[in-house]
C-alpha cells in the first residue's frame with residue numbers, strides 16, 4: 001500500500017482528491033495538510049511514501065515546503081500539484097529534486113499513475129507539462145522571465161504577490177529584512193519592473209498568479 005500525504009489549502013479540493021485516491025488500488029491517504037508549514041510537520045509524524053503537494057499556497061508555499069521535506073526526509077517523494085502547468089514553478093521544482101508534476105486539470109487516472117510511478121522510483125510529468133517542455137526546447141520558443149530567478153528570489157516574489165510585508169517575508173524565510181530587500185532589488189532588475197504593481201501584472205501575464213489570486 002502506498003501511503004500518501006495530501007497538501008492543499010482548499011478544503012473542498014482536499015476532500016475531493018482524498019475521496020478519489022482512497023478508491024484507487026494500492027493507495028491510501030494517511031493524512032492531509034492545508035499549508036506548507038503543516039506539511040513539513042505531518043511528514044515528520046506520518047512518514048508518507050508520497051506527498052501530493054499543492055504549489056501555490058499561502059505562507060512558505062509548496063516549493064519551499066518541498067525543499068525542507070527533502071532535506072529532512074530524503075526518502076519521501078514529492079509530486080507537485082498546480083493549476084499552472086509550465087513556467088518557473090516546474091523549473092524550481094526540478095532543481096530541488098521533485099519526483100513528479102501534475103496539472104490540476106489532469107484526470108484522476110493520471111494522478112494515480114503518477115503516484116505509482118514515483119513510488120517505483122521513476123519521475124513523472126503529466127502529458128501537458130511534458131508537451132510544453134518539448135515545445136520549449138524548440139529554437140525561438142518564448143521563455144518566461146521568471147525562469148531566470150533563483151529559488152530564493154522566486155520565494156520572495158511569491159510571498160510579495162501574497163501581500164506579505166518585508167518583515168513578514170523575513171520572518172517566514174528566517175532571513176533579515178535587509179536580505180529580503182536585496183532579493184527584491186535583484187528581482188526588479190532581472191524582471192525589469194519598478195514596483196510591486198508592475199511585478200503583479202508581469203506575474204499574471206506569465207501565469208504565476210491569476211485574477212482570483214489578486
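Values quoted throughout were computed directly from the atomic coordinates according to the rules given, and no laboratory measurement underlies them. This is a predicted model, so every value here is computed, not measured. Don't worry about glycine lacking a Cβ; one is built from the backbone with ideal geometry, like all the others, and counts go over all protein chains shown.
General observations
- Length gained on full extension, residue 122 to residue 201, computed as 0.36 nm times the residue gap minus the Cα-Cα distance: 24.7 nm.
- Equivalent-ellipsoid semi-axes of the chain, from the Cα gyration tensor, Å, largest first: 29, 20, 15
- Kirkwood hydrodynamic radius (C-alpha pairs) into Stokes-Einstein, region 1-84, 20 °C and 1.002 mPa s, D in µm²/s: 173
- Highest GNM mean-square fluctuation among 153, 75, 18, for the chain modelled with Cα contacts below 10 Å: 75.
- Using C-alpha pairs under 8 Å with a sequence gap of at least 6, the mean separation divided by the residue count of region 2-136 gives a relative contact order of 21 percent.
- GNM remark for the chain: springs join alpha carbons under 10 Å apart, and the peak mean-square fluctuation among 196, 45, 54 falls on 45.
- Using the Cβ-Cβ distance between residue 47 and residue 190 with R0 set to 35 Å, the FRET efficiency works out to roughly 0.35.
- Paired Rg and Dmax values of region 145-213, which use every Cα atom, in angstrom: 11.2, 31
- Cα long-axis angle, helix 177-191 against the chain (0 to 90 degrees, to the nearest 10): 90
- Packing rank of 58-69, 96-107, where each peptide gets the mean count of other beta carbons within 10 Å, highest leading: 58-69, 96-107
- Stretch gain in nm, segment residue 11-residue 23, where the contour uses 0.36 nm per residue and the Cα spacing is subtracted: 2.5 nm
- Helix 61-72 and the long axis of the chain differ in direction by around 60°, with both axes built from C-alpha atoms.
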